[in-house]
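What follows is a single structure, written as structure tokens, with notes after it.
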Amino acid sequence: MLRRSYPELKEIVDRTQAIYPRVYPGSRYVEPEWRFPSGARLEFGYLDRDQDVMRYQSRQFQWIGWEELAQWESPYPYTYMLSRLRRPERLDIPVYVRATCNPDGPGARWISERWGIKPDGQSCRREMSVDGRLFRLRFIAARLDDNPHLRDTGYREQLMRLPPEIRRALLEGRWDEPTVEGAIYAEAINAARVDGRITAVPYDPTVRVDTWWDLGVADATSIWFTQDVGREIHVIDFYEAQGEGLPHYAGVMDKRGYLYGKHTAPHDIQVRELGSGRSRVETAASLGIKFETAPSIGLEEGIHATRMLFPRLWFDQGRCKAGLEALAHYQREFNKRLNEYKSSPVHNWASHAADALRTLGVAHRTARPRPPRAAGPAMQASGGAGTSWMGL
């Protein structure tokens with residue numbers, strides 16, 4: 001049985017310790033698992049990051065349970081753990097997966113797509129074929145009214161105090177457009193979808209590609225790739241990785257094959273590292289990436305500048321899918337005690353893509369519009385010496 005974090009996992013363990021000895025006399029908990037008189041065992045684990053699935057490499061399970069599956073923004077942990085689902089040799093034990101979820105988590109969109117959940121959140125079934133093998137998926141809706149034990153607990157009144165989009169998800173079980181509590185760019189992204197600006201945006205090899213960065217040290221680094229086409233800004237690509245140095249990103253850019261223009265990073269890229277005494281600007285320059293720095297302004301001012309720029313942005317829905325998902329989940333935390341949002345955004349997995357886009361917003365706040373330039377003999381790419389890059 002899996003949860004996203006250890007504190008959440010501990011909560012489940014505490015609940016099972018109150019229930020299991022009554023239901024299964026003779027059962028006992030020996031961390032991290034319950035052991036039952038029949039010989040069965042139930043192990044508890046958590047997966048905070050995608051790479052944590054490696055803890056279960058070479059393991060096999062007959063039942064895998066996910067508590068609050070929508071808390072995983074990526075489907076990778078779920079799909080990887082399916083490979084750990086195996087029947088023991090010579091034992092006729094059924095194997096299956098079960099999960100609980102709410103439609104308000106960061107993974108709500110991939111869950112609704114995988115299970116085919118309709119906007120009204122009604123129960124449904126679908127089939128999936130993998131290498132000729134047929135899998136049956138079933139979604140069973142459960143709402144507050146389905147649980148008589150919660151009717152007189154005051155839980156409904158608590159849900160009624162939540163913002164409308166969260167109330168629709170948690171109280172009514174709606175999956176319309178999975179929403180995120182306190183999402184900062186929700187209106188801007190919805191407007192882009194309505195206007196048709198999230199679509200297939202082609203790479204134009206005659207127009208240079210600019211990049212916009214948020215560089216992490218022990219954190220993720222995010223890059224947006226854009227082309228200026230008249231007054232429109234075509235966001236043609238997005239890339240993010242964690243724990244990699246600048247040589248890795250130089251290699252990624254090289255493989256993209258784009259004809260590059262300018263590369264812009266936040267102002268703090270000028271800070272010198274204690275180990276080498278070199279700034280990341282200097283390190284990047286040695287790799288052929290000549291960074292400009294965005295103006296230093298306040299966080300809220302930068303968010304406002306990005307919102308103002310959104311009507312000019314066109315996103316490629318395929319190459320920018322991960323970045324758009326992060327933007328949709330860039331949020332302010334809701335203080336339930338005060339019934340209001342906190343002022344500063346939550347720093348989580350979605351922050352890096354949002355910070356990189358804010359680099360774009362800040363840089364364009366005072367920049368003069370630049371007409372597109374056709375590629376020619378006099379045009380040089382600043383991304384790497386001697387490179388001529390084409391898009392994937």
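The values are calculated or read from the model by the stated rules, or taken from the named source; none is laboratory data. Fair warning: this is a prediction, and the values are worked out from it, not measured in the lab. As a convention, Cβ positions derive from the backbone with ideal geometry for all residues, glycine included, and neighbour counts pool all protein chains shown.
Restricted to strands (runs of 3 or more DSSP E) entirely inside the stretch 1-62, those with at least 2 residues that are in contact (Cβ under 8 Å) with a residue 24 or more places away in the chain are 41-43. In the set (1) modelled with pLDDT of 90 or more; (2) at positive phi, the condition left unmet by ASN339 is number (1). For the residues VAL194, VAL229, VAL207, the requirement of being without any contact (Cβ under 8 Å) to a residue 24 or more places away in the chain and farther than 27 Å from ASP50 by Cβ singles out VAL194. None of ARG41, ARG3 is at pLDDT 90 or above, touching a strand residue (DSSP E or B) at 6+ places or on another chain (Cβ under 8 Å), loosely packed, with under 15 Cβ neighbours inside 10 Å and not polar (S, T, N, Q) except ARG41. Scanning the stretch 117-139 for residues that are loosely packed, with under 11 Cβ neighbours inside 10 Å and either of a type in the set (A, V, I, L, M) or touching a Leu at 6+ places or on another chain (Cβ under 7 Å) (or both) returns GLU127, VAL130, LEU134.
In the stretch 140-159, the qualifying residues are those that are not in a helix (DSSP H, G or I) and not acidic (Asp, Glu), and the one that is surrounded by the most Cβ atoms within 10 Å (Cβ to Cβ) is ALA141. For beta carbons closer than 9 Å, sequence separation of 6+ or different chains, a first residue in the stretch 93-106 that is modelled with pLDDT of 85 or more and a second that is outside any loop (DSSP other than H, G, I, E, B) and of a type in the set (Val, Ile, Thr), the qualifying pairs are VAL95/ILE64; TYR96/ILE64; VAL97/ILE64; ARG98/ILE64; ALA99/ILE64; ALA99/ILE111; CYS101/ILE111; PRO103/ILE111. Here ALA18 fits the description: over 27 Å from GLU181 (Cβ atoms), of a type in the set (A, V, I, L, M) and loosely packed, with under 12 Cβ neighbours inside 10 Å. Picking from residues in the stretch 78-111 that are part of a helix (DSSP H, G or I) and touching a strand residue (DSSP E or B) at 6+ places or on another chain (Cβ under 9 Å), the one that is nearest to ASP48 (Cα to Cα) is TYR78.
On the basis of being at pLDDT 85 or above, charged (D, E, K, R), buried (at least 17 other Cβ atoms within 10 Å of the Cβ) and outside the structural domain of GLU68 (by TED's automatic domain parsing), does ARG193 make the cut? No, not satisfied.
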